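Here's the structure we're looking at; comments come further down.
The values are calculated or read from the model by the stated rules, or taken from the named source; none is laboratory data. The structure displayed is predicted, hence computed values, not measured ones. Don't worry about glycine lacking a Cβ; one is built from the backbone with ideal geometry, like all the others, and counts go over all protein chains shown.
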Amino acid sequence: MFTGQRFLTIYSGTLTVAFAATLLSGFSAGNKSAKFDQIDVHRINVIEADGTLRMVISNHARLPGIIVRGNEQPFARPQAGMLFYNDEGSENGGLIFGGHRNNKGEVVDSGGSLSFDKYGANQIVQLIGVDDKEDRFAGLSITDSITGTDNRRRIWIGRAEDGAAAVNLMDANGRKRLVMEVKSDGTASLYFLDTNGRVISQLPSPAKQP
């Protein structure tokens, strides 16, 4: 015969199991959605029905390394953010952001980047802004990303470290051929360059500049 204390112990345990089963059933395959007012989380993995990783939203500590076809290689990232993956589970872009001060009080790793990669290669479009102790620039970069070779930037539209706003157009080898620039003092120029980077024509011409 159960004593009163033993009965209460078994009854309490039964209620706990029943409550847990009810709670878990709310997240079963039969219930396709749930609503929350707020979620605190370190990392979210978005996957396909077969388990293929398609997107990661993560803090700095849990942001993964480089993942290609589901296999991860270590890669240090000083940011938090969101990483995108193609149908085969290979990284093909992302949104990353960060910024902090080091023990000297210097701002490091400050800025953000939104990029999209070419299949089987590196990024082809990047919107980036960086402002810290090492770099200070912002702009849009279009790149020829060729599998097995270095990236070759074709277009840059943005602000350089010296404060100049510029549009740079490069050839297929990544060499600047046309530069349209407005310096921080308001001076505007248009430069045409040869394959060695020498200015072959300029507007306004040097003789007409004050």
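Here are the numbers for the structure shown:
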item	result
Residues (outside any loop (DSSP other than H, G, I, E, B), more than 22 Å from residue 130 (Cα to Cα), of a type in the set (A, V, I, L, M, F, W, C) and in contact with a strand residue (DSSP E or B) (Cβ under 7 Å, 6 or more places away or on another chain)) located in region 171-207	178, 188, 190, 192, 193, 199, 200, 203
The one condition in (1) in a loop (DSSP other than H, G, I, E, B); (2) surrounded by fewer than 16 Cβ atoms within 10 Å (Cβ to Cβ) that residue 121 fails to fulfil	(2)
Residue among 41, 46, 17, 108 that alone is among the β-branched types (Val, Ile, Thr), at pLDDT below 90 and either touching an Asp or Glu at 6+ places or on another chain (Cβ under 9 Å) or surrounded by fewer than 16 Cβ atoms within 10 Å (Cβ to Cβ) (or both)	17
Leading residue by the ranking (nearest to residue 107 (Cα to Cα)) among those in region 67-87 that are at pLDDT 95 or above, of a type outside the set (S, T, N, Q) and out of contact with any Gly (no Cβ under 7 Å at 6 or more places or on another chain)	85
Exclusive hit being more than 30 Å from residue 198 (Cα to Cα), of a type outside the set (Gly, Ala, Ser) and surrounded by 15 or more Cβ atoms within 10 Å (Cβ to Cβ), set 127, 83	83
The lone exception for residue 163 - which of (1) modelled with pLDDT of 95 or more; (2) in contact with a Lys or Arg (Cβ under 9 Å, 6 or more places away or on another chain) it fails	(1)
Among the residues listed as 116, 75, the single one being part of a strand (DSSP E or B), among the aromatic types (Phe, Trp, Tyr) and surrounded by fewer than 17 Cβ atoms within 10 Å (Cβ to Cβ)	116
Conditions (1) part of a strand (DSSP E or B); (2) farther than 28 Å from residue 53 by Cβ; (3) in contact (Cβ under 8 Å) with a residue 24 or more places away in the chain; number of the one not met by residue 134	(1)
Boolean, residue 163 is buried (at least 16 other Cβ atoms within 10 Å of the Cβ), out of contact with any helix residue (DSSP H, G or I) (no Cβ under 6 Å at 6 or more places or on another chain) and closer than 22 Å to residue 112 by Cβ	no
